[in-house]
Amino acid sequence: MLVFSTRLPLKDKITSENCLQLFKEWVEQSPHYSIDEINYDVYSHEDFECSNGKIFFSIRHFENNQIKLSACRLENHDSNAVWINDCIYIVENGEKSLLIQLNCNRTDFSTQLPRVHKPYIVRKFIEMSFCKNDADIPLTDTPLDADGAFYDICVKIMQGTYRYSMPVVYISCDYWGKHVLSPQYLAKQLSGVAHVFVEQNHETALKLRDATDGNNAYTGYIGIYFPGTKFCQRHGLEYYRDYREMTQEIISSVWSALVNRLDSSVYNWNQIITLQSRQKMLEWQDISAQDKEQLSEYMDTFDQENTSLREKIDELNQQVYSLRSQLDVLRATLRGDSENSCFYKVGKESSLYVSEKEDLLYSILSQAQKKYPQNSRGYIIIQSLLEANPRHGECKKIISKIRSIFNNGPKLTKAMKAQLKDVGFSIEEDGSHFKLTFHDSRYMFSVSKTPSDHREGKNLISDICNIIDIERKI
């Protein structure tokens, strides 16, 4: 079973010999494998096999007018599973790349796979500077700054117009520039698998919202973008038990997308063996013309079946992208009666900031609880829900800030504008008025540039609170 796959773009100067030498060193120097020395000349371009105990190492080559392949296979038979790591050097249409795949097959009757780790060889290729940029995005194990030099690239990715090959994980920040998980940890775990961009300033989210028609992840959400589409798979902390579970799910989502990619079926070890066999059959000189014709028909049929399968895989990948768009809602459905399960469906309306929906329910339940006698079943169930889903209080902070801003009147100063932007408002001039929009155009408020009444500030506070205060008394 294929459990990991990634394809690294290689620099033009990197040869198959460079890659094979690194494969050899990886196996020889690893404390996990019993092969101390591999007697193979990387310049020979010959097939090779060796083994020691439960470790098997093989090399295969194939080349024709369209493609050049050099593949290394490491097979490790442990007590419960067979691990097969394939590294395939590819030269196609003048472009060089490295496909790294990991298969795992159980040898016992367990239905669970052992824990899967990213192959160490991925890290080796990045550390050795064998990899070139993916378009203009460097392959690195550190997060890239979305607020600086990569801002324009982020816009194009979210618009679906940028040509790149690896998935992109975009980590947004909240109003105060904080993140719900560690960008550094995620970038390290996904190095060589996906690009990680991190947002440091909420102002960037507001700019991206306008530039991408709202297709950006914001206010603490993490978005995963895939090449060739502007689809964004959003992950929010409210869908998970904690940030650790959220981090692991993001990594798993990226891995799953790459395993389902067409590369995993077009280029693999068995495909190289098949290509070698076909090439040898075509070289036969002593078979009859009729046999050659029958052989050619067989190979044409094989090629047609392969093409059909590739088209089917591509179609299924598109369905995967579509189905992933439903995951955000499904994550919050009932998971059973466990202590940490969600007890409501989140619906299609997105949160404007982290834990907005959770705090709304907390407010409603805490007010409803007072209507029940303390020894009643309703009171006890609500108390259990409130304890299991504590209030985050983001709304209270926002409302408190708004009251503080407009406490001395509605006339907007430069400092007041900056404070409003910090809590999620965008500001536009409209003649004699300012338009204040809280994340969404449905929540827009008008402020006169020259207010004539001191009560306008209090009226504005009241208008805003009536609309966005999810914790007010009902």
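Taking first residues from the stretch 34-54 that are touching a residue at least 24 places away in the same chain (Cβ under 8 Å) and open to solvent by 80 Å² or more (accessible area, probe 1.4 Å) and partners that are among the small types (G, A, S) and in a loop (DSSP other than H, G, I, E, B), the Cβ contacts under 8 Å between residues at least 6 apart in sequence or on separate chains come to K54/S34. Please determine, by comparing only the residues of the stretch 1-33 that are of a type outside the set (D, E, K, R), free of Cβ contacts under 8 Å to residues at least 60 places away in the same chain and surrounded by 13 or more Cβ atoms within 10 Å (Cβ to Cβ), which one is farthest from Q112 (Cα to Cα). So, considering only residues that are of a type outside the set (D, E, K, R), free of Cβ contacts under 8 Å to residues at least 60 places away in the same chain and surrounded by 13 or more Cβ atoms within 10 Å (Cβ to Cβ), the one farthest from Q112 (Cα to Cα) is T15.
Results for (1) without any contact (Cβ under 8 Å) to a residue 40 or more places away in the chain; (2) polar (S, T, N, Q); (3) surrounded by 12 or more Cβ atoms within 10 Å (Cβ to Cβ); (4) in contact with a Cys (Cβ under 9 Å, 6 or more places away or on another chain), shown as yes or no for each residue.
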{"site": "G431", "(1), (2), (3), (4)": "yes, no, no, no"}
{"site": "K435", "(1), (2), (3), (4)": "yes, no, yes, no"}
{"site": "F445", "(1), (2), (3), (4)": "yes, no, yes, no"}
{"site": "T450", "(1), (2), (3), (4)": "yes, yes, no, no"}
{"site": "N466", "(1), (2), (3), (4)": "yes, yes, no, no"}
{"site": "E471", "(1), (2), (3), (4)": "no, no, yes, yes"}
{"site": "I474", "(1), (2), (3), (4)": "no, no, no, no"}
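For the residues K417, K397, the requirement of being open to solvent by less than 70 Å² (accessible area, probe 1.4 Å) and either modelled with pLDDT under 85 or assigned to a helix (DSSP H, G or I) (or both) singles out K417.
Among residues of the stretch 204-224 that are over 12 Å from K156 (Cα atoms), those with a Cβ under 7 angstrom from a residue that is among the acidic types (D, E), sequence gap 6+ or separate chain, pair up as T204/D147; A205/E199; T219/D174; G220/D174. In the stretch 81-106, the residues that are free of Cβ contacts under 8 Å to residues at least 12 places away in the same chain and of a type in the set (A, V, I, L, M, F, W, C) form no Cβ pair under 8 Å with any partner that is open to solvent by less than 10 Å² (accessible area, probe 1.4 Å) and not in a strand (DSSP E or B), whether six or more places apart or across chains. Can you give me the number of residues within the stretch 1-28 that are assigned to a strand (DSSP E or B) and not β-branched (V, I, T)? Residues in the stretch 1-28 being assigned to a strand (DSSP E or B) and not β-branched (V, I, T): 7 in total. The condition of being closer than 21 Å to L208 by Cβ and not acidic (D, E) holds for only one of G431, G424, that being G424.
Pairs meeting the criteria (first residue in the stretch 380-406 and closer than 14 Å to I364 by Cα, second residue open to solvent by 70 Å² or more (accessible area, probe 1.4 Å), beta carbons under 7 Å, at least 6 apart or on different chains) are L385/F343. State all residues of the stretch 161-184 that are within 17 Å of the chain's Cα centre (by Cα) and either without any contact (Cβ under 8 Å) to a residue 40 or more places away in the chain or assigned to a strand (DSSP E or B) (or both); if no residue qualifies, say none. Across the stretch 161-184, the qualifying residues are Y162, V168, V169, Y170, I171.
The values are calculated or read from the model by the stated rules, or taken from the named source; none is laboratory data. Just so we're clear, the structure is a prediction, and the values are computed from it rather than from any experiment. Counting neighbours? That spans all protein chains shown, and the Cβs are built from the backbone with ideal geometry, glycine included. We work out accessible area using only protein heavy atoms, side chains counted, and drop any ligands, DNA or RNA first. Shrake-Rupley method; radii C 1.70, N 1.55, O 1.52, S 1.80 Å.
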